[in-house]
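K.L.:
Quick one: the structure is below, and I'll ask about it shortly.
The values are calculated or read from the model by the stated rules, or taken from the named source; none is laboratory data. As the structure is a prediction and not an experimental result, all values here were calculated from the model. Methodologically, a virtual Cβ is constructed for each residue, glycine included, from the backbone with ideal geometry; neighbour enumeration extends over all protein chains shown. Ligands, DNA and RNA are stripped out before the accessible areas are found, and what is left, the full protein with its side chains, is counted by its heavy atoms. Shrake-Rupley method; radii C 1.70, N 1.55, O 1.52, S 1.80 Å.
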Amino acid sequence: MQKNTNVRVSLPVVCFVWQTAMVILFGVFIRYNAESDVRWREFRRTNNISSDIENDFYFRYPSFQDVHVMVFVGFGFLMTFLKRYSFGAVGFNFLIAAFGLQWALLMQGWFSSLDTDGKIKIGVENLINADFCVAGCLIAYGAVLGKVSPVQLLVLTLFGITLYAVEEYIILSILHARDAGGSMVIHTFGAYYGLAISWMLYRPNLEQSSRLQGSVYHSDVFAMIGTLFLWMFWPSFNSALTDHGDGQHRAVINTYLSLASTVLTSVAVSSLFQKQGKLDMVHIQNATLAGGVAVGTAAEFMLMPYGSLIVGFFCGIISTLGYIYLTPFLEKHLKIQDTCGVHNLHAMPGVIGGVVGAITAAAATETVYGKEGLINTFDFDGDFKGTTPSRQGGMQAAALCVALVFGIGGGIFVGCILRLPIWGDPADEDCFDDQFYWEVNQEGNIASEIVIKRKSVFIDLCKYNHEIIICNRTTYIYLLQITYSLLDVVLSHCVTR
Amino acid sequence: MQKNTNVRVSLPVVCFVWQTAMVILFGVFIRYNAESDVRWREFRRTNNISSDIENDFYFRYPSFQDVHVMVFVGFGFLMTFLKRYSFGAVGFNFLIAAFGLQWALLMQGWFSSLDTDGKIKIGVENLINADFCVAGCLIAYGAVLGKVSPVQLLVLTLFGITLYAVEEYIILSILHARDAGGSMVIHTFGAYYGLAISWMLYRPNLEQSSRLQGSVYHSDVFAMIGTLFLWMFWPSFNSALTDHGDGQHRAVINTYLSLASTVLTSVAVSSLFQKQGKLDMVHIQNATLAGGVAVGTAAEFMLMPYGSLIVGFFCGIISTLGYIYLTPFLEKHLKIQDTCGVHNLHAMPGVIGGVVGAITAAAATETVYGKEGLINTFDFDGDFKGTTPSRQGGMQAAALCVALVFGIGGGIFVGCILRLPIWGDPADEDCFDDQFYWEVNQEGNIASEIVIKRKSVFIDLCKYNHEIIICNRTTYIYLLQITYSLLDVVLSHCVTR
Amino acid sequence: MQKNTNVRVSLPVVCFVWQTAMVILFGVFIRYNAESDVRWREFRRTNNISSDIENDFYFRYPSFQDVHVMVFVGFGFLMTFLKRYSFGAVGFNFLIAAFGLQWALLMQGWFSSLDTDGKIKIGVENLINADFCVAGCLIAYGAVLGKVSPVQLLVLTLFGITLYAVEEYIILSILHARDAGGSMVIHTFGAYYGLAISWMLYRPNLEQSSRLQGSVYHSDVFAMIGTLFLWMFWPSFNSALTDHGDGQHRAVINTYLSLASTVLTSVAVSSLFQKQGKLDMVHIQNATLAGGVAVGTAAEFMLMPYGSLIVGFFCGIISTLGYIYLTPFLEKHLKIQDTCGVHNLHAMPGVIGGVVGAITAAAATETVYGKEGLINTFDFDGDFKGTTPSRQGGMQAAALCVALVFGIGGGIFVGCILRLPIWGDPADEDCFDDQFYWEVNQEGNIASEIVIKRKSVFIDLCKYNHEIIICNRTTYIYLLQITYSLLDVVLSHCVTR
């Protein structure tokens, strides 16, 4: 079935209208906070802050930039592994992240940074939160990569950010759960949101574009850029919003160790389950990151270095096995087509992270944390004064359920919307192909040049036909055959590059 | 016309002589400043600084590293989009930046960091300034990319840095204009400097190398590495030299928002003006950055979040339209060949940034800034005590003119020098081709291997010729034809990869 | 000789067992230190630390992240230059770094961070040290790139880290030498360790895989990602562990300048010694970094800006000449096959760095450093109170010898172990080829598709054979020939991509 992938009206309209809405809403609601406002010096004096270096900016900006790199280069390049969808991977990732962070500033602001004057006061912490929020939607993008139009992605992002903000508010403010690196809030929610959408948009004939649903040598190297920047900066991700001082410090150490551990077990399982012990790039690109996801919730807790290693150890195994067994199973039996395997990289490790967080919180004792440490780490203050660790553990578990419900429920709802036949999504045989949304030059040209040459060779042959004597007929037919088969080889080579 | 592109004498001589000059001049002039000198502890005591963390290093080093990445990876990879000029893009970028930053330390030092003992005292702020200065020349490189020799680039840089330092001194010190992110000082100057040089070096027959003046699939992905690192780290660029505390904080927020807004409008215009609504990688790679340029001057001002969004909104539109309409117009009617479209990415947004800065400065009020904030933000102190915002706005406008005059005038002057026939620049048909300045192996070899094979096939045919009986002559001729055409296809494929 | 490269048993076993050992050893030995522990607030009060920003985390985390990028992206991508070994370059680099950093935390901890309670207390400084330690092994990997199995690499890393920790302890603690950026401890040791292993594993018939021992156009661009991230972040590397305040500040300036200088002289020599003055990507990718290595030891000293330029100046020359003359010499006459040329990039500049450090230390005077500065910079305190600069210079020289002895001796020892025929290393004709340890799809498929087509063409010809009359026999033979030669061209093209 031929589908119309022309988004010449819908894409510009959505971009212009939504961006205009952002301008207006920012005009009404968003202002600088005390630390980014010109009145900072006054604020310093009032609050007796001794130096400019105490501005939250200097605590968090390096981590913010690392998170920013993860969102734009990390997620973007991780998805470039497909042979002919690199533009879409990195370009649409760019587009939806740029929109999403604006909308996130508003949504999260309304829920958590609204000042008494009705304005949202933003600073570096809000920027980090907005990037986190966007990460949830980019994870969802991973599940539907190559199968949706940019307009659908923008809709996915609009609703994704909205759902995220509500879910985050319930988890962090109402349930008072802790989730420093967002195992639940970001990864579990994002992955199930994307998987539910993918399930709603199930394409029974997707194997028609199976020729493009794989990598080539250099696209795998591009994807490693994404993997490594995610892997390296994950300690910044999990520590970006934790407490000043030991909170950030400890979250970095835990994440660093968990990730290191994951690499070894991912490699081990990848080698063990493949013919001749060869490693599979898909596992190295993805499963090696599972440890960072799974340690997200507990990163700021006293998980202890060996605890982090253990979490990473098992996540590497589970994630890699997921790629080997679960992804084909999900596609075949549950009709969930998961392009990037977000179920293995984000969903399962996210749930593990939530469980680890709940157990670690429930098991927290004054012996390990000290009285003051316990209060600070779990923020047992204000309305939550006197909460016990075991109750906190229960809240963490409840939070995980909220993330799951929002992810799956939200995904089904948004999936319904995205099934409307107005979004310009590609036909089953046109998935994973950049040429429907991008001007792709050069190789496309070579391919078509060869098709043209193929035709002209045929015409030439027809011309010569009458001159070739009967005894050469066989030769002639054969000539035609080898010409065609050679052209086909070159053609297939060009197209699949 | 065949030109001699051999730079075996000129390039080493220039590199050695200039680097030796740097060593000598550094020996005479450059010393550590109080914060990087071993006497820092003494300085701390004398100035009553309570902690090592108050060393300017900790305020600015993370931003410096981000700027460094923009200069070397950002600019370098952004220019790799050409199919056969990636070595030149990233390699010459590397070379001229490495030279330029040394010369900039000297030139800028003489103008602004000269101590009473006749020495230039350097610290992290000088390193950032040197990187900024180099950025101006790299922008100019974008306009002449692929059309000049490395020796010409070094000359361009030598004069570019010199002109920059003078222009910067006039703008920042004499006119006392503010230009945190260098909309005027860096972008306007750099872009017009490069465009004027490109105009002076106009190549009427450049279409002879049009086969190489485009991208291939993976070169576009490489270019996205440059785009994204520029985009992500632009907040650091605009905030690297602003005031400690709220100054850096606010500049980051403004730039972050402006850039996000630009992405959406660039995508919208790109889709709207292309056939079938497809996006053009050129726009995504370049126009999405225009918002960062345009918010450069006003980044530290109280532009307000929505103000930043508005600036980004319009710059995305203007820059993308520039790529669609203005670049062809400039080439056809004004004889300005602008390889990377720096007019759209740097020149126009730079001028807009200057104008926005002038208006914002002129409109500054005590209501918004507070009495103290106004003085701090605009540095209405010392000789400039009592300057009014409206006067400051005038100075900003004057500064923009200075940048334009230096850019265009300097470019014409340097263009004259670069027209001398001694620099080893390539002929019109050899532009955008790495093989004239780089050892390019392998694919070149495959191409030549095919040429050799083509010849040997012909020789073989001649040998067999006398054995083929007359009735087969047609077959023979045809054989020759298909062989040739197939080889041509493979050949063209290899060459254009 | 066909070798068995199947690592399906050995690789998973090594990964699982070693990672399990890490979990156990971490459980027994590793704990958070005072600055990453939840008791940090108590520690603050006890030690009268005024603010969370004084936590060492904020002094060192930005540098740590830069070092982390150098280790994983820098070293990883620098080695992707080979046309068909990019997976191995970046993937095995990832694997051994992830293992190495865990083992390094333990080994270095036992030697230098062991607390009175028998626990190793870790913080951000330990993470940096672990990354440094890993860097030594990654340098060694550069010498044997493409010629060893992943299991061999893990063994190389296990022993490399162990040797490093001992060598580092002797150099830094017993000899009390200073080595901020590890010219001796990291680069000299790592390079000679790798070279000695390569010498022990000499492959007399390595030219059998010479078709793969080179780059293609885009693999050279990938390698530039590694080069640039190493180059840009080297200032962070050399300053990551230096003293707070001026120590870090000065190390950054010295490294920045030395690297800039190296670029110009590398370019000059590369152009001077190649035909027609063309630049060689190998030199630009590698020799440009030599200045960072050579300034490592002295980076924190009062080397003066011009001193740094001079060091970089000569290292660029020496390193580039090394690639031109020394690498072929080493391979031919000393039987050392050095894939990445680590002798030119790390060994020689490392030794130079050690010598520069010794001279600079010996020449240190109170006039330049001040009394207090001298004590702080060289840590003439505690047991080493009253050490004279000249004695320190002697210790630095002794330290260089220790690094050399450990590198060469350790390499020979480990080389013996790696010669055992149990590690699954590739045969001489299979070196530099990813397909033996990685699932390589697509292009491999195209290549084999062509091989299959070649066969089917032959079968077709045989079928038609009896139908072709005698007069066409020549034509037939010729047909066979051109078909084959065309297929070969396409095939070789696909394989070498």
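K.L.:
In whole Å, what is the distance between the alpha-carbon centres of the stretch B:207-281 and the stretch A:300-379?
P.N.:
The stretch B:207-281 and the stretch A:300-379 have Cα centres spaced 35 Å from each other.
K.L.:
From largest accessible area down, sort A:Arg391, A:Arg31; use a 1.4 Å probe on the protein chains.
P.N.:
So, going from the largest accessible area down, we get A:Arg391, A:Arg31.
K.L.:
Given the options B:Gly393, B:Leu330, B:Asn344, identify the residue whose Cα lies farthest towards the positive end of the charge dipole of the stretch B:282-420 (+1 on Cβ of Lys, Arg; -1 on Cβ of Asp, Glu).
P.N.:
B:Leu330
K.L.:
Additional query: Compute the distance in nm between two label points, each set 7 Å from the Cα along the Cα-to-Cβ direction, one at A:Val9 and one at C:Leu114.
P.N.:
In this crude spin-label approximation the distance works out to 7.7 nm.
K.L.:
Within a Cβ distance under 13 Å of B:Leu175, other residues only, what is the Lys/Arg minus Asp/Glu net charge?
P.N.:
Neighbour charge sum, excluding B:Leu175 itself: -3.
K.L.:
Continuing with the same structure: Using only Cα atoms, find the angle between the long axis of helix B:10-29 and the longest principal axis of chain B, and express it within 0 to 90 degrees, rounded to the nearest 10.
P.N.:
In chain B, helix B:10-29 runs at an angle near 10 degrees to the longest axis.
K.L.:
Moving to a separate point now. Nearest 100 Å² is fine: how much accessible area is buried between B and C, summed over both sides, with a 1.4 Å probe?
P.N.:
Approximately 8200 Å², summed over both chains.
K.L.:
Still on this structure, please answer the following. For the protein assembly as shown, divide the Cα radius of gyration by the Kirkwood radius and give the resulting Rg/Rh value with two decimals.
P.N.:
Taking Rh as the inverse mean 1/r over Cα pairs, Rg/Rh reads 0.96.
K.L.:
Turning to a different aspect of this structure: Just read off the accessible area of B:Glu125 with the full protein assembly in place, 1.4 Å probe, to the nearest 10 Å².
P.N.:
80 Å²
K.L.:
Moving on. Could you work out how far helix B:443-465 tilts from the main Cα principal axis of chain B, as a 0 to 90 degree angle to the nearest 10?
P.N.:
10 degrees
K.L.:
Can you tell me the mean projection area, over all orientations, of the convex hull of the stretch A:10-436's alpha carbons? Units nm², please.
P.N.:
20.5 nm²
K.L.:
Still on this structure: Taking chain B as the reference, fit the longest principal axis to its C-alpha atoms, fit the long axis of helix B:124-144 to the helix C-alpha atoms, and give the angle between the two in degrees, 0 to 90, nearest 10.
P.N.:
40 degrees
K.L.:
Now for a separate question. Please identify every one of the trypsin sites (Lys or Arg not before Pro) in the stretch C:54-144 that sits in a loop by DSSP and has no more than 16 other beta carbons within 10 Å of its own beta carbon.
P.N.:
C:Lys119
K.L.:
Oh, and also: Measuring label to label, 7 Å along Cα→Cβ, what does B:His333 give against each other copy in nm, shortest first?
P.N.:
Spacings between copies for this position, smallest first, are 6.8, 6.8 nm.
K.L.:
Now for a different question. Averaged across C:43-53, how many Cβ atoms of other chains sit within 10 Å of each residue's Cβ atom?
P.N.:
4
K.L.:
Taking all pairs of different Cα atoms in the stretch C:71-229, averaging 1/r and flipping that mean, what Kirkwood radius in angstroms comes out?
P.N.:
Answer for the stretch C:71-229: a Kirkwood hydrodynamic radius of 16.4 Å.
K.L.:
If you take the beta carbon distance between B:Ser50 and A:Asn47 as r and set R0 to 22 Å, what does 1/(1 + (r/R0)^6) give as a FRET efficiency, to the nearest 0.05?
P.N.:
Computed FRET efficiency for B:Ser50 and A:Asn47 comes out at 0.80.
K.L.:
Take each of the peptides C:18-29, B:140-151, A:361-372, C:246-257, average the number of other beta-carbon atoms within 10 Å over its residues, and list them starting from the highest.
P.N.:
C:246-257, B:140-151, C:18-29, A:361-372
K.L.:
A further question on this structure: Probe of 1.4 angstrom, ligands and nucleic acids ignored: what's the accessible area per residue over chain A, in square angstrom?
P.N.:
Result: 30 Å² of accessible area for each residue.
K.L.:
Round to the nearest 0.05 the FRET efficiency obtained for C:Tyr202 and C:Cys401 when R0 = 35 Å and r is the Cβ-Cβ distance.
P.N.:
0.85
K.L.:
A further question follows. Just to be sure I understand the model, the point goes 7 Å from the Cα along the line to the Cβ. What's the resulting A:Asp428 to A:Glu331 distance in nm?
P.N.:
1.4 nm
K.L.:
Give the accessible area for A:Tyr32 in Å² (nearest 10); use a 1.4 Å probe, count only protein heavy atoms, and leave out ligands, DNA and RNA.
P.N.:
Here the accessible area works out near 10 Å².
K.L.:
Quick one: which of A:Lys119/A:Lys385; A:Lys371/C:Lys119; B:Lys83/B:Lys147; A:Lys147/A:Lys278; A:Lys3/A:Lys332 span more than 21 angstrom between C-alpha atoms?
P.N.:
Where the Cα-Cα span goes over 21 Å, the pairs concerned are A:Lys119/A:Lys385; A:Lys371/C:Lys119; A:Lys147/A:Lys278; A:Lys3/A:Lys332.
K.L.:
Once label points are set 7 Å from the Cα along Cα→Cβ at both C:Phe413 and A:Val17, what is their separation, rounded to one decimal in nm?
P.N.:
7.2 nm
K.L.:
Still on this structure, please answer the following. Distances in nm, one decimal, shortest first, from B:Ile174 to the same residue in every other copy, taking the label point 7 angstrom along Cα→Cβ.
P.N.:
Listed shortest first, these distances are 6.5, 6.5 nm.
K.L.:
Average partner chain C-beta neighbours within 10 Å, per residue of C:67-75?
P.N.:
Mean shielding by partner chains, rounded to a whole number: 4.
K.L.:
How much net charge surrounds B:Ile161 when only the other residues with a Cβ under 12 Å from the Cβ of B:Ile161 are counted, with Lys and Arg +1 and Asp and Glu -1?
P.N.:
Neighbour charge sum, excluding B:Ile161 itself: -3.
K.L.:
To continue, here is another question. Once the other residues with Cβ under 14 Å from the Cβ of C:Trp231 are scored (Lys, Arg +1; Asp, Glu -1), what is the net sum?
P.N.:
Net local charge, C:Trp231 excluded: -2.
K.L.:
List the residue from chain B whose beta-carbon is nearest to the axis that rotates chain B onto chain C, together with that distance in whole Å.
P.N.:
Nearest to the symmetry axis by Cβ: B:Pro62, 3.
K.L.:
Tell me the accessible surface of B:Asp383 in square angstrom (1.4 angstrom probe, heavy atoms of protein chains only), to the nearest ten.
P.N.:
150 Å²
K.L.:
To the nearest 20 debye, what is the magnitude of the charge dipole of the stretch B:1-154 about its Cα centre, counting +1 on the Cβ of each Lys and Arg and -1 on the Cβ of each Asp and Glu?
P.N.:
720 debye
K.L.:
Taking each residue in A:298-306, count the Cβ atoms of any other chain within 10 Å of its Cβ, then average. What number comes out?
P.N.:
4
K.L.:
Only Lys, Arg, Asp and Glu count, each charged at its Cβ (+1, +1, -1, -1), so figure out the dipole size of chain A about its Cα centre, rounded to 20 debye.
P.N.:
1080 debye
K.L.:
Taking every pair of Cα atoms in the stretch A:142-206, average 1/r, invert it to obtain the Kirkwood radius, and report Rg/Rh to two decimals.
P.N.:
Here Rg/Rh amounts to 1.06.
K.L.:
Ok, one more. Mind listing the label-point distances from A:Arg8 to the same position on all other copies, shortest first, one decimal in nm, points 7 Å along Cα→Cβ?
P.N.:
5.5, 5.5
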